[in-house]
Each structure stands twice: as structure tokens, then as C-alpha cells.
Amino acid sequence: MYDSNRPMLSRMLQAAGAVVTNLGIAKDDPAAIAARLVGAASDHDLLISSGGAPVGFADHLTQIISRRGYLEFWRLAMRPGKPIGFGDVDDCPTLLLPGNPLAAAAGFALIGRAILARLESRPPARTGWRLPVATSLSKPAGRTQILLGRLCHDPSGRPTVVEPLPDQGSASLRYLALADVMILLHSEQTVINGSDPVEIVPVRQGFPA
């Protein structure tokens, strides 16, 4: 098994202006995880984990946060990215991201960047860009859906349309690397026709020209 999320999230954090400390991989043991988090909480402004927070008896992370601080939220109506949580360990903000790469990247792009901005006392980076979508889309009501997309440009290089990528699997590193943006479909949206405007969020910090 390859550790792809750690370098990916490190680059996303650095692009957002953060100084990153690599705390390594903690054993799947409550005492080891608690010791790692508590030790880091004393001299860090934000803790981020990826993986290790499934729904069920092995949910060590949320239990540790609930004991050492407060779990603000856990599990969102979002796909991919349902097992995302946020709380604090000994007053250090702590963001729990899923283990699947796309879900982890989406969680950081939508939530992690806003947390960093708040910690730095600056306005969150603009995320509300909208472009027409190249093809029709549909999804169930009541859930936020995130899709990977590529930008289509006019001859001057200006982005004009966003095209969903063919593979939207949450573990698809190849298509995550190829994507320019994430297409954000809100919970109330069910049918999106081709050429309808959709909200897009950059995969990388800033917005591609």
C-alpha cells in the first residue's frame, strides 16, 4: 500500500501557506494514536489526519477527540467525503479527513482551506467560481456531490466550460492528478442540464488561468 495522501495533503497545505510537520503513520492502537495527537497538540496550530476514522468499533480518532476536547461535527452528507470530522485535541483544532485520495482532497479544499484562513485571521479564499458544464448531470437530493473536472478554454486561454472526467472513483489518483477543478453540486440540486452553470473549486490553490 502506498502512502499517497500524506504528500498530496502536504503540498495542498504548503500551497495554502502552512508550515507542515510530518508526524508519520500512527499504529492502529488507541493509546498510540492518543499519544501522537496529544504530543503534537501542544506546539501546533492545526492537526490533520487522513484515514483511520471508519464508522464502527475502530473509530479511535473520534473517541480520542471526544475525550480530550470536543467533536464539533462528524460525518457529512457529502460524496465523496462523508467520514469527515472536526474538533479539537487539548484546544488544538483537529481535522479528520477520509483515507480515499479524492475524498481527502475534497475535504481539505472545501473545509481545510477555510480553517487555515480562520486561523490566520484572513478571509477565506474565493471558491464561488461558476462555469457552464459540458454534459448533463444528476444526483439524489439532500447530498452534496463532488466531481472532478477539466477546464475547456477559448483561443485566448480563458476558461469557458468545465467537463466532468470519466472516472469519479474516490480512490482514482490518476484522474485526481488530471483534474483542474472539483465540480460542487449542492444538496438541493438534482438535475443539471448541459450548459447550466455549476460551482467549481480549484484542486490546487488559486485558480488556473
Counting only DSSP beta bridges with both partners in the chain, the antiparallel fraction in percent, to the nearest 5, comes to 80 percent
With θ taken as phi - 60° and the coefficients 6.51, -1.76 and 1.60, list the Karplus ³J(HN,Hα) couplings across the range 174-190 in order, rounded to whole Hz; mark glycine and proline as x. 4, 6, 5, 5, 7, 6, 8, 9, 9, 8, 9, 9, 6, 4, 7, 7, 10
Which order do His153, His44, His60 take when ranked by solvent-accessible area (1.4 Å probe, heavy atoms of all protein chains), largest first? His153, His44, His60
Calculated Cα extents along the principal axes in Å (choose from [x] 55, 33, 33; [y] 50, 38, 34; [z] 41, 41, 34), label: [x]
Note, the range 197-202: 3J(HN,Hα) by Karplus (6.51, -1.76, 1.60, θ = phi - 60°), whole Hz, Gly/Pro = x, goes x, 10, 7, 10, 10, x
Give the longest segment of the chain that steers clear of chymotrypsin sites (Phe, Trp or Tyr not before Pro) in DSSP loops with at most 10 neighbouring Cβ atoms within 10 Å, not counting the sites themselves. 58-209
Can you list residues from other chains, or at least 5 along the same chain, whose modelled amide H is less than 5 Å from the amide H of Val198? Leu131, Val133
Which order do Val191, Val201 take by accessible area at a 1.4 Å probe, largest first? Val191, Val201
At a 1.4 Å probe, what is the % contribution of carbon and sulfur to the accessible area of the chain? 54 percent
Could you list the trypsin sites (Lys or Arg not before Pro) in the range 19-125 that lie in coil according to DSSP, counting only those with at most 14 other Cβ atoms within 10 Å of their Cβ? Lys27, Arg75
Find the accessible area per residue for the range 1-100; the probe is 1.4 Å, ligands and nucleic acids are left out, and the unit is Å². 57 Å²
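The values are calculated or read from the model by the stated rules, or taken from the named source; none is laboratory data. All values reported here derive from a predicted model rather than from experimental measurement. Every residue, glycine as well, gets a Cβ built from its backbone with ideal geometry; the counts of neighbours run over all protein chains shown. SASA here: full protein model, heavy atoms, side chains in, ligands and nucleic acids out. Shrake-Rupley method; radii C 1.70, N 1.55, O 1.52, S 1.80 Å.
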